[in-house]
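The values are calculated or read from the model by the stated rules, or taken from the named source; none is laboratory data. If you're wondering where the values come from, they're calculated on a predicted model, not measured in any experiment. Cβ: placed from backbone, ideal geometry, glycine included. Neighbour counts: every protein chain shown.
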Amino acid sequence: MSVDKLGLSPKALQLISERPRLWEYRLFGQVMADDVERVNNLFKQGYRPNGLEKVEIDSTIEYILIWLSNKIDELQSIITELSNILYSNHDDAFGPPGIPGNPENIVSYSRKIVSFYYRAIVLLQSIRNTSVNSDCNETHKEFALAVIDIITSIGTFGSNILRQIDDVINAPVTNEKRVLNLEFTLKIRDSFTDALNRLTTKESENLSKLKELMSISAEHMEKNGVQSNTINPGYIYVLTNPSIQDIVKIGKTQRSPDERAKELSLATGVPTPFIVVYQSYFSDCDKAETFIHTKLDKYRVVNNREFFKVAIPIAIDCIIEAKNYFSQSENRLDSSGITQNANVDNYLGALAIDGNKPAEPGKELFDLGDAYYYGLNDTIQDYDEAFKYYQKAARLGYTEAFLQMGMMCHLGEGRNVDNKLALAYFKEAIRHGNDEGWAEMAKIYNSEGYKENEAKCWNKYFSSKNFLQFSLRRQQCVYNYINTAITENKPIEYKDQIREIKNELLEFINILAKVSKDKGFSSLLEKQRQVFIIVKEL
């Protein structure tokens, strides 16, 4: 990419053009200082990311502690990820000794750092937009101050570098060496930690009971194939052992990975100690471990064990992929509020803040499930194998997989009919953002005679904010609704929503009718004709 397309200030472009002494570090600091100012102006002009509505938490302290825990995870994630970037090798940007740096890589490095500045400001806004009861005011205030400390440290980093460079260049010539201090320390202030400790001590007994209830609830959900909402921050580690050739252990811990390695090394059946070859912090290590184990499933030595016969670089790449995936998911921007400002869109893009949906790693597994479900190409139809692959895709958060498993449970494909479990899967699809779960739930309630629940589900489906987003299932869902209404002589509601997709729905019905005609399904063809007429007249 040409430097002219990087959106740099005149000062930064001049540094690239003239390349004075220490130009690489000057450019690094200048881009950070410029972009921090642009982020500040962005918020001063009234920009607010979606999802930052005012929230009141007037509930008991233990629920506020859960909220705090989630926010602390976000802050810890910012600190950990930023530290990892700062203390990694950047010869590709600044160049090894005696070799000039790369301007594009320097700009990219600077903007990665500023992206954490943006994230910290968004976190601060979410804290300030949340009001708590009086018992928690002290902790709430100290937490906001702690985040402000982080924002200030990142925000002044670039200008501090520029000031140091000026000091070095303008200093009198002496035999004494002067060096740049690029150390960067991020630390959560002690006063916040003290306030949090006072709050948790006050409610330690209640919090203990709450954790016990949450543990029981999570265990119950897991037995029924439904994921829990409990979030556990911690590390994913890769361990090797000289006594176990070509096999690595990949697991999670909320303690130090070194401590975990020492603990495992104490086992009597292990002659040599485990060695930590890689570790990475996640705000939810449970989800991260599920993601990684699912991706590496074909390398697993024994089912339900954490040992994998896989090369270390492949294991590390998978952890990095998980890191990127969850970072994008948690920090994704909804650009709907800023689409009228092209400069803002371009700038956020330059900061590497992804406004698009992240890659869906479960798609490949879901497609394999479809191959077994439908018997595609040379694949032999096998409902059991299909369900296994749908489960793996669901573990990676692929919402279509939850819908497919729910329908298989409802229809008894490869298993006994189980509407209770089907409803659980549809609810998981909804929890993961796929509102078509409401339409599938409506079908089940209709089959069981729960008309009131059916009506509520259809209402939630048609009024969902995602209804008008393109979906391969939407036409089928709406067709099912109209067909049921015709069969039961009920009036057609939600006409405005149906009109919005009228053309695509008519095309879909035509396809269904062609298939029915080719296969000689005359009664089905008549129903499709009735639905077609109603939709056409809307």
Going through region 337-388 in order, the residues found to be closer than 24 Å to MET405 by Cβ and either touching a Pro at 6+ places or on another chain (Cβ under 8 Å) or modelled with pLDDT under 50 (or both) are LYS357, PRO358, ALA359
Expected output for region 93-110 (first residue without any contact (Cβ under 8 Å) to a residue 40 or more places away in the chain, partner crowded, with 16+ Cβ neighbours inside 10 Å and in a helix (DSSP H, G or I), Cβ below 7 Å, 6+ apart or cross-chain) is ASN102/ALA93; ASN105/ALA93
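Would you check if GLY412 is assigned by TED's automatic domain parsing to the domain that holds THR487, at positive phi, surrounded by fewer than 21 Cβ atoms within 10 Å (Cβ to Cβ) and among the small types (Gly, Ala, Ser)? If you could, list the steps in order and put the result at the bottom.
Values: assigned by TED's automatic domain parsing to the domain that holds THR487: yes; at positive phi: yes; surrounded by fewer than 21 Cβ atoms within 10 Å (Cβ to Cβ): yes; among the small types (Gly, Ala, Ser): yes.
When the stated conditions are applied, GLY412 passes them.
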Of (1) within 30 Å of ILE99 (Cβ to Cβ); (2) of a type outside the set (Val, Ile, Thr); (3) at pLDDT below 70; (4) crowded, with 18+ Cβ neighbours inside 10 Å, ARG26 fails just (3)
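Quick one: is ILE509 free of Cβ contacts under 8 Å to residues at least 12 places away in the same chain, crowded, with 16+ Cβ neighbours inside 10 Å and not basic (Lys, Arg)? Full working, then the answer.
Working: free of Cβ contacts under 8 Å to residues at least 12 places away in the same chain: no; crowded, with 16+ Cβ neighbours inside 10 Å: yes; not basic (Lys, Arg): yes.
No: the conditions fail for ILE509.
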Here the residues within region 484-520 that are in contact with a helix residue (DSSP H, G or I) (Cβ under 8 Å, 6 or more places away or on another chain), among the hydrophobic types (A, V, I, L, M, F, W, C) and over 26 Å from TYR450 (Cβ atoms) are ILE501, LEU505, LEU506, PHE508, ILE509, LEU512, ALA513
Every listed condition ((1) surrounded by fewer than 17 Cβ atoms within 10 Å (Cβ to Cβ); (2) touching a His at 6+ places or on another chain (Cβ under 7 Å); (3) of a type in the set (Val, Ile, Thr)) holds for ILE99 save (2)
Exactly one of LYS514, LYS519, LYS502 is touching a residue at least 24 places away in the same chain (Cβ under 8 Å), assigned by TED's automatic domain parsing to the domain that holds VAL478 and surrounded by fewer than 16 Cβ atoms within 10 Å (Cβ to Cβ), and that one is LYS502
Within region 384-406, restricting to residues that are touching a Lys or Arg at 6+ places or on another chain (Cβ under 9 Å) and among the aliphatic types (A, V, I, L, M), the one that is nearest to ALA455 (Cα to Cα) is LEU403
| Scanning for something surrounded by fewer than 20 Cβ atoms within 10 Å (Cβ to Cβ) and modelled with pLDDT of 70 or more, does region 49-62 turn up at least one residue? | no
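Out of the residues in region 423-445 meeting the condition of being surrounded by fewer than 23 Cβ atoms within 10 Å (Cβ to Cβ) and hydrophobic (A, V, I, L, M, F, W, C), tell me which one is farthest from ASP286 (Cα to Cα).
ILE444
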Residue hits (region 512-538; over 17 Å from ILE501 (Cα atoms) and not in a helix (DSSP H, G or I)) are GLY520, PHE521
Residue pairs qualifying under the 8 Å Cβ cut-off, at least six apart or on distinct chains, with the first in region 304-320 being more than 21 Å from SER243 (Cα to Cα) and the second being among the aliphatic types (A, V, I, L, M) and in a helix (DSSP H, G or I), are CYS318/ILE292; ILE319/ALA288; ILE319/ILE292
